[in-house]
1. Only one residue in L70, L74, L107 is of a type outside the set (F, W, Y), over 13 Å from the mean Cα position of the chain (by Cα) and crowded, with 18+ Cβ neighbours inside 10 Å. Which one?
2. Where in the stretch 50-158 are there helices (runs of 4 or more DSSP H), lying wholly inside it, with at least 1 residues that are modelled with pLDDT of 95 or more?
3. Just name the residue that is nearest to K67 (Cα to Cα) out of those in the stretch 111-147 that are surrounded by fewer than 14 Cβ atoms within 10 Å (Cβ to Cβ) and of a type in the set (D, E, K, R).
4. Just name the residue that is surrounded by the fewest Cβ atoms within 10 Å (Cβ to Cβ) out of those in the stretch 82-92 that are of a type outside the set (A, V, I, L, M) and in contact with a Leu (Cβ under 9 Å, 6 or more places away or on another chain).
5. Please work out which one of (1) among the aliphatic types (A, V, I, L, M); (2) surrounded by 18 or more Cβ atoms within 10 Å (Cβ to Cβ); (3) touching a residue at least 24 places away in the same chain (Cβ under 8 Å) is the condition A96 fails and give its number.
6. Considering (1) within 17 Å of the chain's Cα centre (by Cα); (2) under 21 Å from L24 (Cα atoms), say which one P153 fails and leave the rest.
7. Condition first: of a type outside the set (A, V, I, L, M, F, W, C) and farther than 16 Å from W79 by Cα. Can you find one or more residues in the stretch 149-158 that meet it?
8. Exactly one condition in (1) surrounded by fewer than 17 Cβ atoms within 10 Å (Cβ to Cβ); (2) in contact (Cβ under 8 Å) with a residue 60 or more places away in the chain; (3) of a type in the set (A, V, I, L, M, F, W, C) is not met by A43; state its number.
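The values are calculated or read from the model by the stated rules, or taken from the named source; none is laboratory data. Quantities reported herein were computed from a predicted structural model and do not represent experimental measurements. Don't worry about glycine lacking a Cβ; one is built from the backbone with ideal geometry, like all the others, and counts go over all protein chains shown.
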Amino acid sequence: MKNLQIHITVSEDLYLKNPESSVLGKKIVSKSIELIDQLGFEAFTFKKLGIAIGSPESSVYRYFDSKRSLLVYLYAWYWSWMEYRLVFGTINHTSAKEKLKSAITLLCSPIETDQTFEHIDEVILNRIIVAESIKVSHNKTVDEQNQKGLFNPFKQVIERVSAFISQINPDYPYPNMLVFAMVDGAIEQSHFASHFPKTTDEINSKTIIADFYTDLIFKAIQ
């Protein structure tokens, strides 16, 4: 997919100037991913980012009005990218069961770098999603942001996978809740497996989360 001209679309409400429109903007995104991963979101500042990219702090503010806006941008980019992967990962399957199995594997397996987007390290970005995404969805402005469509990429991932469940079993009453539980649970399992390994089962560390949710979901919708 490296030679395909793929563009991930993120809501214009998330930035002041599209970071994809310039070399500096892409550098801001790339280096912010590295710094948030290294420092944690609380210790990350635009001043530190400016020093890291060799540009004044004020230049970062031309793209994002706050570090939280930048975090929400990264969150939205990640889930837009995941939806793009879902589309390509399921398009060649003819049955809903195969599409669902593929979707579960994709959403619950360790992330690998996608060379299509050279300025973004998706492996590091995934670590940020695991560690920091609760700051995006659990705050006082979440309803306002949701009305602006800032969470559409995440919701579209849920809806796309839940549609496979409804195709398999139209009578199953909780497809969205089941998929959300899987996506959220996979993130939590990744976090706790890294920090509290006794809270998970290490049968096969690379596929265990995908195997667990494949087993759980298909039993639930029978």
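1. On the way: L74 fails: over 13 Å from the mean Cα position of the chain (by Cα); L107 fails: over 13 Å from the mean Cα position of the chain (by Cα).
That would be L70, the only listed residue that is of a type outside the set (F, W, Y), over 13 Å from the mean Cα position of the chain (by Cα) and crowded, with 18+ Cβ neighbours inside 10 Å.
2. Output list reads 57-61, 67-90, 96-108, 122-132.
3. This residue is K140.
4. Across the stretch 82-92, the extreme among qualifying residues is G89.
5. The single condition A96 does not satisfy is (2).
6. Unmet for P153, out of (1) within 17 Å of the chain's Cα centre (by Cα); (2) under 21 Å from L24 (Cα atoms): (2).
7. No, there is no match, as no residue in the stretch 149-158 is of a type outside the set (A, V, I, L, M, F, W, C) and farther than 16 Å from W79 by Cα.
8. Just one mismatch for A43, condition (2).
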